[in-house]
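First the structure, in the form of structure tokens, and then the observations on it.
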Amino acid sequence: MLKHVSLIRILFYLTIIILAVSCSKKFQFKKVQELENYRDVIERITKGKLGLKGTNLYFVDDLKNDNDFETTLATCYSYEVKFIGDNYIEFSKTAWQRLNNIQRLVLMSHELLHCDCNMDHKDDILEDGCPASVMHTFAPRLECIEKHLVRYFDEIKLGCKE
Ligand SMILES: [Zn+2]
């Protein structure tokens, strides 16, 4: 009888382990080459301070509330419990297609700063109305990026350092 109980216990633990392994597999996304190319550029620009490969990048057709363009370009999801899987970023495919290369780099850097560095938003505004930081809640408009390109990339180059 005692032997029987310990066998059931072993089977129970085995089931838990198998479930845990299959659940963590589910969260490993297939790499999207287009997004990986942008991450590689960010990694080069920041000399490896940003662009850790652990954060999964992928496209979704559309993010919710598409009428609110600014808030739905991309989102970083981070897990409280690391065991479940790595962080991941969803990029809206339709929004991505409307952005030029520089806007995409700024957008991805913003999300990587959230996901890789746990960085929060910084909503200070410059005198001309442009965001002072790439970590502003709303992505800077193209005019702002062109005007403050050096400022924004100096910030990105710091990576996780604030
Ligand atoms: Zn953000």
Please work out if LEU126 is at pLDDT 90 or above and either in contact with a Cys (Cβ under 6 Å, 6 or more places away or on another chain) or under 28 Å from GLN33 (Cβ atoms) (or both). no
Taking segment 86-119 and keeping only residues that are assigned to a helix (DSSP H, G or I) and among the small types (Gly, Ala, Ser), one is left with ALA95, SER109
Taking segment 38-48 and the residues there that are crowded, with 17+ Cβ neighbours inside 10 Å and within 15 Å of the chain's Cα centre (by Cα), the one that is farthest from LEU105 (Cα to Cα) would be GLU43
Subset of segment 147-162, residues part of a helix (DSSP H, G or I) and either among the hydrophobic types (A, V, I, L, M, F, W, C) or loosely packed, with under 13 Cβ neighbours inside 10 Å (or both), comes to LEU149, VAL150, PHE153, ASP154, ILE156
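The values are calculated or read from the model by the stated rules, or taken from the named source; none is laboratory data. Keep in mind the model is a prediction, meaning the values are calculated, not measured. Note: ideal-geometry Cβ built from the backbone for every residue, glycine included; neighbour counts use all protein chains shown.
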